[in-house]
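Reviewing the structure listed below.
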Amino acid sequence: MTINQSQTILEARRREFGAFLRSRREKLTPASVGLPEGFRRRTPGLRREEVALLAGVGTTWYTWLEQGRDVRPSAEVLSALADALRLDPVERRHLFTLSDRPSVDTPSRGPEEVPDALVRMLASLAGQPAYVLGRRWDVLAWNAAAVAVFGDYALLQGDARNSVHRVFTDPAHRQLLVDWEIVAANSLAMFRVDSARYAGDPDFERLIATLMQASPEFRAWWPRQDVLRPLTGHKRLRHPEGGLMTFEYTALAVMDRADMKLVVYTPLEEDGTSDRLKRLLGRASAA
């Protein structure tokens, strides 16, 4: 790509950035952001100076942004603009993307709800164990194949339904995992990456404290600060009824839920896993 081409792309992106700011500004009313109506308005939405006031930036500088000039706001300023314009998570990410900056999503709080469409997708994966993990790695939803392979999550309550807690404290689950030490160490390192955004969160802190108390391995490994983010891998299980099985697992982000992921286990031909799983599911459905 030539210098001229790169410059053209940057200019187009700045124009798009300015147009997006303007469109969001025009959707707001003074009342919606806690400002007085003031004098009669000739155009819809907020004035530029009102957005600048709410974001804590200069009016001239904000005007330059809308005009697509070569102005490069910091991540902090982008966050302030997103708050001032009352952007939702998708709009906020779009704003950061147009600025060539990584988006810093606000950590979610409160109860987590699995979308109905995702629940239906889980049910349709009849031959693949699958479940949905929440921000703290709690299992929020699962399908029948997951119950047949990993046990009935409906019988587990509180921390017992948390994936990390189960790996480190549930003897039966530990026995199920052929390569427990590798799985446990990798799970801990991946959990650390996901939990970083929630440093200081009471729910995370309590779970970590519980695991430090309950598991010598967690207590020894957590201070190492290991981090890992694989999206796929293999997991070998020694099921008490199904025997030795090998699965390839894939973790898929749920786009409209920042910290929710769908984990799907695909049976491999290795160890005759596909046939073993079919027999296991057949016995489960007949029970």
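Here are the numbers for the structure shown:
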{"read-out": "Prolate/oblate/rounded label for the chain (Cα gyration tensor, a/c 1.5)", "value": "prolate"}
{"read-out": "Residue of Pro267, Pro89, Pro223 that the Gaussian network model of the chain assigns the largest fluctuation, springs spanning Cα pairs under 10 Å", "value": "Pro223"}
{"read-out": "Simple spin-label estimate for Thr29 and Arg120 in nanometres, 7 Å along Cα-Cβ", "value": "3.6 nm"}
{"read-out": "Size of electric dipole in the stretch 108-152: Cβ of Lys, Arg +1 and of Asp, Glu -1, about Cα centre, debye, nearest 20", "value": "140 debye"}
{"read-out": "Residue among Gln128, Gln157, Gln175 with the largest mean-square fluctuation in a Gaussian network model of the chain, springs linking Cα atoms under 10 Å", "value": "Gln157"}
{"read-out": "Computed Kirkwood radius, in angstrom, where 1/r is averaged over Cα pairs of the stretch 200-287", "value": "16.2 Å"}
{"read-out": "Length added when fully stretched, Arg86-Val254, from 0.36 nm per residue minus Cα-Cα", "value": "58.2 nm"}
{"read-out": "Qualifying lysines (Cα of each under 23 Å from Cα of Lys261; at least 8 residues distant if same chain)", "value": "Lys235"}
{"read-out": "Linear extension gain, Thr59 paired with Val178, 0.36 nm per residue minus alpha-carbon span", "value": "36.6 nm"}
{"read-out": "Set of aspartates and glutamates with alpha-carbon distance to Lys278 below 17 Å, sequence-local pairs under 8 removed", "value": "Glu241, Glu248, Glu269, Glu270"}
{"read-out": "Spin-label pair Arg22/Thr210, simplified geometry with 7 Å Cα→Cβ offset, distance in nm", "value": "5.3 nm"}
{"read-out": "The chain: most fluctuating residue of Ala146, Ala31, Ala82 per GNM, C-alpha cutoff 10 Å", "value": "Ala31"}
{"read-out": "Solvent exposure, largest accessible area first (probe 1.4 Å, DNA, RNA and ligands not counted), of Ser215, Ser285", "value": "Ser285, Ser215"}
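The values are calculated or read from the model by the stated rules, or taken from the named source; none is laboratory data. Computed from a prediction, not measured in an experiment: that's the story for all the values here. Counting neighbours? That spans all protein chains shown, and the Cβs are built from the backbone with ideal geometry, glycine included. For the accessible areas, the whole protein counts, side chains as well, though only heavy atoms, and no ligand, DNA or RNA atoms are used. Shrake-Rupley method; radii C 1.70, N 1.55, O 1.52, S 1.80 Å.
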